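Please treat every number below as a calculation from the coordinates, not as lab data. Treat the numbers as computed from the prediction; the structure is a model and nothing was measured. Cβ coordinates were reconstructed from backbone atoms using ideal geometry, including for glycine residues, and neighbour counts include every protein chain displayed.
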Amino acid sequence: MSLDPSYLVYERRRRGMDHDLYPWSNLFTRKPLAWDGGVTVAVPIVVSLEWFPILPTDTPFRAAGHMQTAYPDYRHYTAREYGTRVGFYRLLDAFAAVDARVTVAVNAAIAERYPSIVRDIVAAGHEIAAHSTDMNGTIATGIDESDERDLIARALDTLEAATGSRPRGWLSIARSQSWSTPGLLADAGLGYMLDWVNDELPYWMTTSAGPVLNVPLNHELSDRQIVTVQQQSADSYRQQVEDACTWLVDEATRFGARMLPLHLTPYIMGLPYRIGALEDLLRTLREKPKVTFLTAGEIARQTAAQLPRP
Amino acid sequence: MREGEADPGLYDFRPYRNRTPIRWPGGKSVAVWVSPNLEFYEIDPPANPHRKSWAKPHPDVVGYGHRDHANRVGHWRMADVMTRHGFPGSVSLSVALCQHVPEVVEDANVRGWEFFSHGIYNTRYSYGMDEAQERAIIEDSIRTVREATGQTIRGWLAPALTHTPRTLDLIAEYGLTYTCDLYHDDQPAPVHVKSNRLISMPYSLEVNDHYGFFVYNMSPRDYADALIRQYDRLAAEGETSGTVMCIPLHSYLIGQPHRIGAFEEVLRHIAADGRAWITRSGDIADHFLRHDYDAVAADAARVAENAR
């Protein structure tokens, strides 16, 4: 038995990354960032607001949270809709209680189907980011580039028509991209994306269509990861985020601005028995000095003013 | 190993009682070594016919990005905490990291950490290699680490834990003295190899942070509690005969902001306890080879004789 000789050839074994999307950089030695007003830890809250067709597609892959049983999967279709009609409004109230402006990553289908939700989001001062068309709108290598370009354009056009302004930010379903995605997002005029989790502060990614800022939305600290995947309680989620905040507040005194991103899902954290833990968490974060809720777009804006575009 | 046999014949059976005592330096009861995996994963690796690398089509943005967090963020946070509490690292190294991010390797070297090989990349697997190919990655490992750090590797943890039947014989032939790939004991033990002396160094999958967080789904505080219980038990049992506790880490996991604080409490607990020989894997191996190897081998012969 033997492997093909090419398996022991390392063509990209070289200084730096094994791709050209971004250069290596050390969070602790790069030029520090500073948030406006002396804020040390910015807390961007990103809510994924999703619509799952009861007819799922698997091209290129089936999104997490999608239909699971034989057709018709009432249980998952309706449980996701519960998040949209009920859970999301609990979240909106929780944000209002602590005067937080958040970013809602919205499937375009939500704007088409439920325009009043979009009006409620905008009226509360929250930011809308684009989050594909619906939960069949997944992206990965293998998708035709023109289809991907079209999917991005449809998501942006629909949200712009519904809100009157074109979203500046993008979140891919499951953060999944093809090789083309960063370039297509830059080409579509988007200012930032939320997909890459390799850092704890925003950084520029370079593409053939120009730069696009990545604002890392820590997937490990998401309600999906902690509660749904790792099966921990809402109280444990609250504890973990508070521990993270304590650590980052301390780190910020020595190394400059930090980010504590919270990625929330209405049908996960918006349940009656979980929402209280989130409300407690938000109150705790609000009471910490120099810790402030900022939208992802605001973080991108403040970062872009400090980090030279490549 | 005895290839093709039901019992691979890796080591002798010795029950965990009436063993020849192992004594660690300074009368310590448990040798504690922390093993950061300093890795590089390729974004677009070639396919190995025996194991898939990424779960998704390339680029697997979350899979790759999560691991890339280690070299940008996690390592520095984790290493700082380890140094603060007096714990050196024994590094399981993807040796190509010496080319890609020499800053991380140099930082570990300056901190007095030891390096052993974890293959070229954690996305290149040994399954299916012929002997010449396997010799090539061992020789590459020895050469690359020596050029980057001045150190000569003494240990091996197979890349992504992928082995061939000849791996242990080969690393022993090249003069390596310990393997971290065998999980049969809480003490070092001789491994049967064709030449030279090779020992099994207790590593741990069970308290590996990857297992803690993604197999057992522990919260950060629960994982810290597991480590403290593991330590307390091994320190108590080591009064009879010295034990080994390894804490295998991946900085993209333990170096996350919600986990590092709880982990720091573990290091504080162990450092304050007084029973721990806080050291490096190679130092444990050297001590065992010098003081205990022959006695433990004789012990094994005695057990085998009594079993007749």
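Quick notes on this one:
- Computed from label points 7 Å out along Cα-Cβ, the spacing between residue B:308 and residue A:9 is 5.7 nm.
- An ellipsoid equivalent to the range A:129-277, defined through the eigenvalues of its Cα gyration tensor, has semi-axes of 29, 20, 14 Å when rounded to whole angstrom and sorted largest first.
- Helical content of chain A, expressed as a calculated mean residue ellipticity at 222 nm, amounts to -11000 deg cm²/dmol (DSSP H runs of 4 or more residues, -39,500 (n - 2.57) each, divided by residue number, nearest 500).
- Relative contact order %, the range B:164-264, counting alpha carbon pairs below 8 Å whose residues are six or more apart: 25 percent
- Remark: B:184, A:219, B:258, B:75 ranked as B:184, A:219, B:258, B:75, counting other beta-carbon atoms within 10 Å and listing the fewest first.
- In terms of Cα atoms, the Rg and Dmax of the range A:76-187 work out to 14.5, 44 Å.
- Residue order, fewest to most surrounding Cβ atoms within 10 angstrom, among A:131, B:250: B:250, A:131
- Spin-label model distance (nm) - residue B:110 vs residue A:85, 7 Å beyond Cα toward Cβ: 6.0 nm
- Kirkwood Rh in Å, taken over chain B so that all alpha-carbon pairs contribute: 19.9 Å
- Spherically averaged projected area in nm², based on the convex hull that wraps the Cα atoms of the range A:192-249: 4.7 nm²
- Pairs of Cα atoms farther than 14 Å apart, the range B:1-67, %: 78 percent
- Cα-based equivalent ellipsoid of the range A:246-301: semi-axis lengths in Å, sorted from largest, via gyration tensor: 24, 15, 9
- Cα-derived Rg to Rh of the range A:25-146, Kirkwood definition: 1.06
- Cα-projected label distance for residue A:97 with residue A:59, points at 7 Å along beta-carbon direction, nm: 4.6 nm
- Its Kirkwood hydrodynamic radius, worked out from the mean inverse distance over all distinct Cα pairs, puts chain A at 20.2 Å.
- As a rough footprinting exposure proxy, the listed residues A:243, B:222, B:7 were ranked by other beta carbons within 10 Å of their own, and the order from fewest upward is B:7, B:222, A:243.
- Hydrodynamic radius of the protein assembly as shown by the Kirkwood approach over all distinct alpha-carbon pairs: 26.0 Å.
- The range A:204-310 gives an Rg/Rh value of 1.02, both radii derived from C-alpha positions and Rh following Kirkwood.
- Computed Rg/Rh of the range B:234-295, alpha carbon atoms with Kirkwood Rh: 1.06
- Loop exposure criterion: GluC sites (Glu not before Pro), DSSP state outside H, G, I, E and B, at most 16 other Cβ atoms within 10 Å. Applied to chain B, the longest stretch between such sites is B:6-205.
- Report summary: the helix-based calculation at 222 nm, which adds -39500 (n - 2.57) for every DSSP H run with n ≥ 4 and divides by the residues of chain B, gives -12000 deg cm²/dmol.
- Its Cα gyration tensor gives the range B:43-111 an equivalent ellipsoid, and the semi-axes of that ellipsoid, as √(5λ) in whole Å with the largest first, are 28, 13, 11.
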